[in-house]
Amino acid sequence: MKIDVLTLFPAMFAGPLDESIIKRARKKGLLDLKVHDLRDWTHDRHRTVDDRPFGGGPGMLMKPEPIFEAVESLRREKTKVILLSPGGRKFSQQIARELAEQTDMLLVTGHYEGFDERVRQALADDELSIGDYVVTNGALPAMVIIDAVTRLLPGVLGDDESSLDESFSRDLLEYPHYTRPAEFRGMKVPEVLLSGNHAEIAKWRAEQARLRTKEKRPDLLK
Ligand code: 4FV
């Protein structure tokens, strides 16, 4: 998969996407990630990307021109242009699975009070929000989406890492997990997990996932 990111903070991407599973996916060529500085598509001495809102009001807005020029120069035939903003579809594991089918994405990240509306109208194929709260810019939302999608790409997770039986894979929270020691500070691992009876273990795990979801996230059961 090819992912391009348009941002005012390219340095924020150094680190989180250079470790562990994502680093390995990039090395194996399963993810071709490029981060682009929006200011590279400005032409004035101050490399201006923002301006005051028409009609007044607090803060600044992202100007359309640099974003249009950047997207039009980075976009390829199959590119899905995705805007990151609080007004977008609420990102979820289902959407992560959906995006993992794509071959080519361009993530446009915001800053200040957001985008000039014409960016949304004329450029965006989709708009995503990572949640109902406001962050300082779209870099972290973009990294969350890149991480959640990349780990679903075939060949990224090794055998010992699986996305099959995890939270939200069946709209249920995960069952409780335990590892050695079988007893820790008087806290024992449930007997069934030590029984070797895989049918019983599977039944217990399914029951636990359902109970835990009912208790903590009943909205998922609807
Ligand atoms: C956001 C979110 C988000 C809004 C103003 C950046 C900020 C500034 N993006 N999911 N929640 N963006 O808060 O995606 O432009």
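What follows is calculated from the coordinates using simple rules that are stated; it is not laboratory data. These numbers were taken from a predicted model, which means no experiment stands behind them. As a convention, Cβ positions derive from the backbone with ideal geometry for all residues, glycine included, and neighbour counts pool all protein chains shown.
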Beta bridges by DSSP in the chain, antiparallel share as percent, to the nearest 5
15
For the range 80-179, give the magnitude of the charge dipole about the Cα centre (Cβ charges: +1 Lys/Arg, -1 Asp/Glu; no others), in debye to the nearest 20.
280
On a 32 Å Cα-Cα criterion, which of the cross-link pairs 2/63; 28/188; 28/214; 2/203; 27/80 come out too long?
28/188; 28/214; 2/203
In Hz, Karplus ³J(HN,Hα) per residue of the range 137-148 (6.51, -1.76, 1.60; θ = phi - 60°; x = Gly, Pro):
7, x, 5, 4, x, 5, 5, 4, 5, 4, 5, 5
Rounded if a/c under 1.5, otherwise prolate or oblate - the range 68-146, Cα gyration tensor axes
oblate
Quick one: what are the phi-derived ³J(HN,Hα) couplings along the range 100-111, Karplus 6.51/-1.76/1.60 with θ = phi - 60°, whole Hz, x for glycine and proline?
5, 7, 6, 10, 7, 10, 10, 8, 9, 9, x, 7
In cubic angstrom, how much convex hull volume per residue do the alpha carbon atoms of the chain span?
181
Taking the square root of 5 times each eigenvalue of the Cα gyration tensor, what semi-axes in Å does the equivalent ellipsoid of the range 20-123 have, largest first?
28, 17, 13
